[in-house]
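The values are calculated or read from the model by the stated rules, or taken from the named source; none is laboratory data. All values derive from a computational prediction rather than experimental measurement. Note: ideal-geometry Cβ built from the backbone for every residue, glycine included; neighbour counts use all protein chains shown. Heads up: the accessible areas ignore ligands, DNA and RNA and are worked out on the full protein's heavy atoms, side chains in. Shrake-Rupley method; radii C 1.70, N 1.55, O 1.52, S 1.80 Å.
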Amino acid sequence: MSEAPYLMIAAELRRRIAAGELQPGDRVPSTRALVRDFGVAMATATKALQTLQQERLVHASPGVGTVVGPPPRSRRTGAAPERRVVPDGVLDLNRGEVVRMGIAIADAEGLAALSMRRLATELGVSTMALYRYVGGKDALIVQMVDEAIAEFPLADVPGDWRQAVAAVARVHWAAYRKHLWLASAVSLSRPQLVPRLLPHTDAVLRALSGFGKAEALSTVISLFAFVRGMAMVMEAEAQAEQDTGVTADEWVAGQGDQLAAMIAAGNLTAFRELIADDFDYEYDLDALFEFGLSVMLDGLAARRRGI
């Protein structure tokens with residue numbers, strides 16, 4: 001019987017670490033890179049990294065990814081941290097610590113890498129111990145969203161409706177920029193009950209009090225969908241650049257000849273005019289976000305005037 005694919009990937013990464021090809025602190029291939037290089041499913045790649053994490057050969061490093069070496073706690077103690085048992089028989093652990101570790105893993109590797117088992121390994125506790133503090137994974141993610149949003153409290157919202165709506169949108173954009181996983185964790189069709197997110201919705205509804213109820217709520221959903229959609233592009237691009245080392249501009253430049261040939265073959269006149277005279281377009285997601293936001297606000301203003 002052949003060895004399971006995830007074990008083969010883990011063995012290869014283990015070999016690279018032992019041979020010194022991957023040094024302590026070096027970033028190991030991401031799950032997406034493993035999917036590409038080994039031709040396996042995302043779940044298989046994730047399981048391979050989890051295997052090495054359980055062996056404490058690698059750990060999640062916020063803002064970097066999975067890197068070689070045991071978690072920081074292990075480096076100080078030389079072993080998994082021992083948890084004190086308090087009188088009621090519960091491990092000396094708190095909800096905030098669990099949620100913050102979940103955020104650290106998601107920041108470093110994305111939500112796909114987060115599991116209760118992985119979280120337990122990083123914290124040095126049993127998987128079952130976590131359920132007392134955060135419930136299951138879905139409940140954990142809601143708490144992570146709440147904690148991440150708390151880092152971006154609403155300041156005094158302007159009285160002008162347009163400025164108020166823009167202020168809330170920019171707060172969300174800033175949150176999504178810092179926590180790239182956040183956009184994919186928030187649902188618009190089945191919105192989670194996130195205590196610290198509700199005031200954001202309330203602020204937009206107050207700003208649109210001159211609209212009808214249905215129109216105001218539709219505006220809220222459309223606004224949040226726009227910001228979230230832009231942020232998901234940002235998440236995908238960050239992952240692609242991390243996996244390939246190629247920026248979006250570099251990737252587009254590499255497609256130039258093929259694109260020109262397709263435009264010529266399809267007689268796509270508008271495209272041909274667009275790229276004429278070496279037209280140079282700077283693909284800047286922050287600028288695109290501001291452009292899209294202004295278009296949406298202009299449309300709302302025109303609608304309000306009855307145009």
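If a/c stays under 1.5 just call it rounded; otherwise compare a/b with b/c (prolate if a/b is bigger, oblate if not). Do that for the chain, with a ≥ b ≥ c from the square roots of the Cα gyration tensor eigenvalues.
It is oblate, given that a/c is not under 1.5 and a/b is not larger than b/c.
How many Å³ per residue does the convex hull of the Cα positions in region 168-307 occupy?
Taking the convex hull of the Cα positions in region 168-307, it is 162 Å³ per residue.
Carbon-plus-sulfur fraction of the accessible area of the chain, 1.4 Å probe, in percent? Provide the component values of the computation, followed by the final result.
Values: 9510 of 16820 Å².
Looking at the chain in its full context, I get 57 percent from C and S.
So with the 1.4 Å probe, I'd like the accessible area per residue for the chain, rounded to whole Å².
Per-residue value: 55 Å².
Subtracting the Cα-Cα distance from 0.36 nm times the residue separation, let me have the gained length for Glu55 to Ile275 in nm, one decimal. Don't skip to the answer; put the middle values down first.
Values: separation 220, 0.36 × 220 = 79.20 nm, distance 5.25 nm.
That works out to 73.9 nm of additional length.
Rounded, prolate or oblate, given the Cα gyration tensor of region 104-251, with a/c below 1.5 counting as rounded?
Details: a/c = 2.50, a/b = 1.42, b/c = 1.77.
It is oblate, given that a/c is not under 1.5 and a/b is not larger than b/c.
Which whole-number percent is the relative contact order of the chain (Cα, under 8 Å, 6+ apart)?
12 percent
Using 0.36 nm per residue, how much length does the chain from Asp37 to Glu237 gain when fully extended, once their Cα-Cα distance is taken away?
70.1 nm
Give, as a single signed number, the net charge of other residues whose beta carbon lies under 15 Å from the beta carbon of Arg117, with Lys and Arg counted +1 and Asp and Glu -1. Mind dumping the intermediate values first?
Numbers: positive: Lys47, Arg56, Arg118, Lys137; negative: Glu55, Glu109, Glu122.
Every neighbour counted, the sum reads +1.
Going 7 Å from the Cα of Arg206 along its beta-carbon direction, which residues of region 166-192 have the amide nitrogen within less than 18 Å of the resulting point?
Within reach of a label on Arg206, which here means backbone N under 18 Å from a point 7 Å along Cα→Cβ, region 166-192 contributes 166-172.
Between Leu7 and Gln23, what is the spin-label point distance in nm, taking each point 7 Å from the Cα along the Cα→C-beta axis?
Here the modelled spin labels are 3.3 nm apart.
Considering just Cα atoms, how many Å³ per residue does the convex hull of region 132-200 enclose? Walk me through the numbers before you get to the answer.
Working: hull volume 6.6 nm³, N = 69.
Cα-based convex hull of region 132-200, divided per residue, equals 95 Å³.
With everything on Cα atoms, drop me the angle between helix 198-207 and the longest principal axis of the chain, reported from 0 to 90° to the nearest 10.
Taking the Cα atoms of the chain, the angle to 198-207 is about 10 degrees.
Please determine, in degrees from 0 to 90 and to the nearest 10, the orientation of helix 161-178 with respect to the longest principal axis defined by the Cα atoms of the chain, where the helix direction is its Cα long axis.
With rounding to tens, the tilt is 30 degrees.
Return the lysines within reach of Lys47: Cα separation strictly under 18 angstrom, same-chain partners fewer than 8 residues apart disregarded; answer none if there are no such residues.
Lys137
Using only Cα atoms, find the angle between the long axis of helix 42-54 and the longest principal axis of the chain, and express it within 0 to 90 degrees, rounded to the nearest 10.
With rounding to tens, the tilt is 40 degrees.
Arrange the residues Phe279, Phe224 by how much accessible surface each exposes, largest first, with a 1.4 angstrom probe.
Phe279, Phe224
Placing unit charges on C-beta atoms (Lys and Arg positive, Asp and Glu negative, everything else neutral), compute the dipole magnitude of the chain about its Cα centre in debye, rounded to 20.
On the way: 32 positive and 37 negative charges, 302 e Å.
In debye, rounded to 20, the chain gives about 1460.
Please list 32-44, 265-277, 5-17 highest first by mean number of surrounding beta-carbon atoms within 10 Å per residue.
5-17, 32-44, 265-277
Placing +1 at every Lys and Arg Cβ and -1 at every Asp and Glu Cβ, with all other atoms neutral, what dipole size does region 252-307 have around its Cα centre, in debye to the nearest 20?
I would put it at about 580 debye.
Under the rule of -39500 (n - 2.57) per DSSP H run of 4 or more residues, summed and divided by the residues of the chain, what mean residue ellipticity at 222 nm is obtained, to the nearest 500 deg cm²/dmol?
-20000 deg cm²/dmol
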